[in-house]
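Note sheet for the following structure.
The values are calculated or read from the model by the stated rules, or taken from the named source; none is laboratory data. All figures in this text were calculated on a predicted structure; none of them were measured in a lab. Reconstructed Cβ throughout: ideal geometry from the backbone, glycine too, with neighbour counts over all protein chains shown. Remember, those area values only see protein heavy atoms, side chains included, never the ligands or the DNA or RNA. Shrake-Rupley method; radii C 1.70, N 1.55, O 1.52, S 1.80 Å.
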Amino acid sequence: MLFSTDKLGVVRRIRFAALEKKRLQLLAAHDSRAPKDDELFGFVTAYRDLLEVTSPPATRVKFGLFELYEALGDPIAALTLAAEIAETGSASNIRRAASYASRVVTRLGKKEHTRRYKGDKAAKTEVLLLCDRIVARAPDGFEKQRLELFLQISRKQFLRAVETAGALGRMKKSGVTDFIRLVDQLVERTDLDRLLPTIARELTATRPAIEAAGKRNFLLGLRTRFRDEPDVLAALDLAPLDAGSVAAELAALERGAIETFISRREILIGGGDSAEAIKMAGLVEYRRRLGGVTIGAAQPEQKYLVLMSNALKFWDDAGFRTEVLADIERLIGRRRDENASMTLGSVHLLRGDFDKAEKLFEDVARRSKVIAKSGASSFVADMDRYQVSDALGAVDVDFGSTAKAEAAFVACADVRYFRRYGPSYLASLRETGSRTRAHLHVAGAPDEAWAAIRDIGAGADNVSFSVETPPLALPAYYASMRFLRAPVLLDHVADRVVLTDIDVHFRSNPDGFAANPAFAAADIGLRMYDKIRVVREASAARRTVCRYPRTYGWNQINAACVVLIGSERGRHAATMASRDMAQHLQRVVDRGINAWWVDQNALFYTYRRLAADGVTRFANIEDLGMPYGSFDYSDAYVLGGQSPLFTHQG
């Protein structure tokens, strides 16, 4: 034996310390845009092996494993470890396990943490049972009550949840955030009348803590939310709010608190036209505060643009917009850090100087790994200046026995995504009663692709399929396929082609959308954010949402829905879209840069070229609404405004 037991333990602890350092470095580098799942799974195996030895202590290893599972979006595995520690560990480790568990459950509602939990009842039940185990052993205190709050909300025990959240708010500043988050959710419920007395009682008790935490903007938000409901305001012991009174209230707040107030959902995007006056009163005060900021000494310009561009006046008044853009240049001064360059790129974009915008976006994407994951890396002002092949638009496609239809919903995917989402796509379409053709285009080895089609498409009604061997095994290629294949889809599938993502869920029968007369008077249908539209969320709450024009090039046109039309100009538009997409994608591949958002950059580029000819007719899908997605357009209306980036007529 080379080492004594004691020496062996020392060696293991040294190796574990080195492993811990590498694990923490990996966790810091891991995110949703650049996931390190394979490496994380490797560490999971290594840490699992460590549980088989006595040194280092198993509890330390389990906490490391917990964080690995947390990063991988597996709350059950993470909470299982926390429950084991809670049932066997020391008092301090039990408290730490409860703290770790509360961190996980706080994130469970966020889709980037895990999609599986939200749709899997068995998984949700298991999560709740694991939390019950931790709560049963955790000592009284903040972290235990935070877990109890999660359990109460999950089990829809909202009256108890309000009381628990109020107690948390009176314990710690972070508990104030829990209370505010819960109240903001509950005031949107249809059974608010039942909940209101408890909310009012806890709000009164917690109000000193709210104000001490600098969260008076939350109270102002409630006053704005219920500005037309005096009975609710009276129950909450809050005074009415209008543009005049909000100015006086905000004058007493710090700039950061004013920024937070304007950023509240019911002010920034959720208030409809009646909230615009209150929002502008806040923006006027916010702008006044920024007037005293030393040039180049701070970095508020990006937030300033976000807030101002979510106001009617910014898009309705070209003179005001010019002043705001000049404000931003003053705030930036000579700085060219990431924040400054991105914001200045938007300034040039909104002024119509696409060359300057591209230069800034490209430069900052080259310097920043974070921004390289945005559309900044693939925005192009003029593709003609680059020698880029469009060969990706000319790939052989096997349409099998496809017969051409009048209209079709078309989605594309590689074999893996086709197997994963194809069945639910077809099921949700047919469950609405739709009789319109569905066509699924699959990329992969022909034998494998047609085998998947036989498995999924057997017996499917009014469904056709096509297959290609992809020249690139790249997620961005698969996401762009439907645009690359636009001309041949018009040739072989239908005279009117509705291009969608394959992972959408149809909420209502989309046949009327496909047959909308607006498309008969157009050459292409695009989802363009050119004006301010007021829609509703497609959830049970159906909250009002103002959708404002965007300030980045890759957010101008949403790729989730494009309609190809078989007119002469429509075929020209489809051919142009295919070529532009091929060149944009080839350019990022040739340069080895990030391909995120390349599809929306390419679509905006195509739009600009088509709009310049003065002949192409556009249908805006934002005016027609979509039968899937996050928004309900059934009673949508245009509030006003006009983005200077959209120049077509009609």
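A count restricted to region 238-266 and to residues that are touching a Ser or Thr at 6+ places or on another chain (Cβ under 6 Å) and either assigned to a helix (DSSP H, G or I) or acidic (Asp, Glu) (or both) stands at 1.
Determine whether region 460-480 contains at least one residue that is closer than 20 Å to Ala407 by Cα, of a type in the set (Phe, Trp, Tyr) and touching a Pro at 6+ places or on another chain (Cβ under 6 Å).
Going residue by residue through region 460-480, those that are closer than 20 Å to Ala407 by Cα are 460-467.
Then drop every residue that is not of a type in the set (Phe, Trp, Tyr), which leaves 465.
Filter again for touching a Pro at 6+ places or on another chain (Cβ under 6 Å), leaving none.
Checking region 460-480: not a single residue is closer than 20 Å to Ala407 by Cα, of a type in the set (Phe, Trp, Tyr) and touching a Pro at 6+ places or on another chain (Cβ under 6 Å).
Each residue in region 53-72 was checked for being of a type outside the set (Asp, Glu), open to solvent by 20 Å² or more (accessible area, probe 1.4 Å), closer than 22 Å to Val127 by Cα and assigned to a helix (DSSP H, G or I), and 4 pass.
Can you find, within region 109-136, the residue that is modelled with the lowest pLDDT among those that are assigned to a loop (DSSP other than H, G, I, E, B) and farther than 14 Å from Leu79 by Cβ? The qualifying residue modelled with the lowest pLDDT is Glu112.
Looking at Ser434, Ser389, which is the one that is assigned to a loop (DSSP other than H, G, I, E, B), crowded, with 19+ Cβ neighbours inside 10 Å and in contact with a helix residue (DSSP H, G or I) (Cβ under 7 Å, 6 or more places away or on another chain)?
Values: Ser389 fails: crowded, with 19+ Cβ neighbours inside 10 Å.
Of Ser434, Ser389, the one residue that is assigned to a loop (DSSP other than H, G, I, E, B), crowded, with 19+ Cβ neighbours inside 10 Å and in contact with a helix residue (DSSP H, G or I) (Cβ under 7 Å, 6 or more places away or on another chain) is Ser434.
Conditions tested, residue by residue: (1) modelled with pLDDT of 95 or more; (2) assigned to a strand (DSSP E or B); (3) closer than 28 Å to Ala34 by Cβ; (4) among the small types (Gly, Ala, Ser).
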position	(1), (2), (3), (4)
Cys412	yes, yes, yes, no
Ala438	yes, yes, no, yes
Val442	yes, yes, yes, no
Gly459	no, no, no, yes
Phe465	yes, yes, no, no
Phe483	yes, no, yes, no
Asn509	yes, no, no, no
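Selection of helices (runs of 4 or more DSSP H) fully inside region 550-650 by the criterion of at least 2 residues being of a type in the set (Ser, Thr, Tyr) and modelled with pLDDT of 95 or more returns 568-591, 598-612.
Every test in (1) in contact with a Ser or Thr (Cβ under 7 Å, 6 or more places away or on another chain); (2) surrounded by fewer than 24 Cβ atoms within 10 Å (Cβ to Cβ); (3) of a type outside the set (Ser, Thr, Tyr); (4) closer than 25 Å to Tyr607 by Cα is passed by Phe483 save one, and that test is (2).
Yes/no per residue for (1) surrounded by fewer than 21 Cβ atoms within 10 Å (Cβ to Cβ); (2) under 26 Å from the mean Cα position of the chain (by Cα); (3) modelled with pLDDT of 95 or more; (4) among the aliphatic types (A, V, I, L, M):
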| site | (1), (2), (3), (4) |
| --- | --- |
| Arg181 | yes, yes, no, no |
| Thr198 | yes, no, yes, no |
| Arg216 | yes, no, no, no |
| Gly221 | no, yes, no, no |
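Residues satisfying the criterion are present in region 359-368 (criterion: under 25 Å from the mean Cα position of the chain (by Cα), modelled with pLDDT of 95 or more and open to solvent by 10 Å² or more (accessible area, probe 1.4 Å)).
Return the residues of region 38-52 that are open to solvent by 30 Å² or more (accessible area, probe 1.4 Å) and touching a Gly at 6+ places or on another chain (Cβ under 9 Å); say none if nothing qualifies.
Our first condition is that a residue be open to solvent by 30 Å² or more (accessible area, probe 1.4 Å); within region 38-52, this holds for 38-39, 41-43, 45-46, 48-52.
Correct list: Phe43, Leu50.
Give me the residue from region 14-25 that is within 16 Å of Arg48 (Cβ to Cβ) and open to solvent by less than 100 Å² (accessible area, probe 1.4 Å) and, out of that set, farthest from the chain's Cα centre (by Cα). Among residues in region 14-25 that are within 16 Å of Arg48 (Cβ to Cβ) and open to solvent by less than 100 Å² (accessible area, probe 1.4 Å), the one farthest from the chain's Cα centre (by Cα) is Phe16.
With the structure loaded, tell me whether Ala476 is in contact with a Lys or Arg (Cβ under 7 Å, 6 or more places away or on another chain) and assigned to a helix (DSSP H, G or I) or whether it fails that test. So Ala476 does not fit the description; no.
Residue-wise test of (1) closer than 23 Å to Pro470 by Cα; (2) open to solvent by less than 10 Å² (accessible area, probe 1.4 Å).
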site: Ile557; (1), (2): no, yes
site: Gly566; (1), (2): no, no
site: His572; (1), (2): no, no
site: Asp590; (1), (2): yes, no
site: Ala595; (1), (2): yes, no
site: Phe604; (1), (2): no, yes
site: Ile621; (1), (2): no, yes
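Only helices (runs of 4 or more DSSP H) whose full extent lies in region 272-353 are considered here, and the ones with at least 3 residues that are at pLDDT 95 or above and more than 29 Å from the chain's Cα centre (by Cα) are 318-332. Check region 494-501 and report whether any residue there is assigned to a loop (DSSP other than H, G, I, E, B) and under 20 Å from Asp599 (Cβ atoms). For region 494-501, residues assigned to a loop (DSSP other than H, G, I, E, B) and under 20 Å from Asp599 (Cβ atoms): present.
Residue-level analysis places Tyr529 among those that are touching a residue at least 24 places away in the same chain (Cβ under 8 Å) and in contact with a Pro (Cβ under 9 Å, 6 or more places away or on another chain).
Only one residue in Ala275, Ala357 is more than 28 Å from Phe604 (Cβ to Cβ) and among the aliphatic types (A, V, I, L, M). Which one?
On the way: Ala357 fails: more than 28 Å from Phe604 (Cβ to Cβ).
None of the others qualify; the one that does is Ala275.
Tally up the residues in region 222-236 that are assigned to a helix (DSSP H, G or I) and touching a residue at least 40 places away in the same chain (Cβ under 8 Å), please. Walk me through how you get there before you give the answer.
Of the residues in region 222-236, the ones assigned to a helix (DSSP H, G or I) are 222-225, 230-235.
Of the ones still in play, those that are also touching a residue at least 40 places away in the same chain (Cβ under 8 Å) are 224-225, 232.
Of the residues in that region, 3 qualify.
Leu68 meets each of the listed conditions (1) modelled with pLDDT of 90 or more; (2) over 24 Å from the mean Cα position of the chain (by Cα) apart from (2). For region 513-524, a residue qualifies if it is closer than 17 Å to Met626 by Cβ, of a type in the set (A, V, I, L, M), assigned to a helix (DSSP H, G or I) and open to solvent by 30 Å² or more (accessible area, probe 1.4 Å), and exactly one does: Ala518.
Summed over region 336-358, residues that are open to solvent by 40 Å² or more (accessible area, probe 1.4 Å) and either over 23 Å from Asp530 (Cβ atoms) or touching an Asp or Glu at 6+ places or on another chain (Cβ under 9 Å) (or both) total 5. In the set (1) within 18 Å of Tyr548 (Cβ to Cβ); (2) open to solvent by 50 Å² or more (accessible area, probe 1.4 Å), the condition left unmet by Glu329 is number (1). Look at region 237-295 and say how many of its residues are open to solvent by less than 40 Å² (accessible area, probe 1.4 Å), touching a residue at least 40 places away in the same chain (Cβ under 8 Å) and among the aliphatic types (A, V, I, L, M). Residues meeting the conditions: 8. Criterion applied to Arg536, Arg542 was being open to solvent by 10 Å² or more (accessible area, probe 1.4 Å), in a loop (DSSP other than H, G, I, E, B) and within 20 Å of Tyr628 (Cα to Cα), and the one residue passing it is Arg542. Applying the condition of being open to solvent by 60 Å² or more (accessible area, probe 1.4 Å) and not polar (S, T, N, Q) to region 497-512 and asking which residue is nearest to Tyr417 (Cα to Cα) yields Asp503. Condition check for Ile453 on (1) in contact with a helix residue (DSSP H, G or I) (Cβ under 9 Å, 6 or more places away or on another chain); (2) over 12 Å from Ala411 (Cβ atoms); (3) among the hydrophobic types (A, V, I, L, M, F, W, C); (4) not in a helix (DSSP H, G or I): one failure, at (4). Kindly evaluate Lys144 against the criterion of being under 29 Å from the mean Cα position of the chain (by Cα) and open to solvent by 30 Å² or more (accessible area, probe 1.4 Å). No; evaluated as a whole, the condition is false for this residue.
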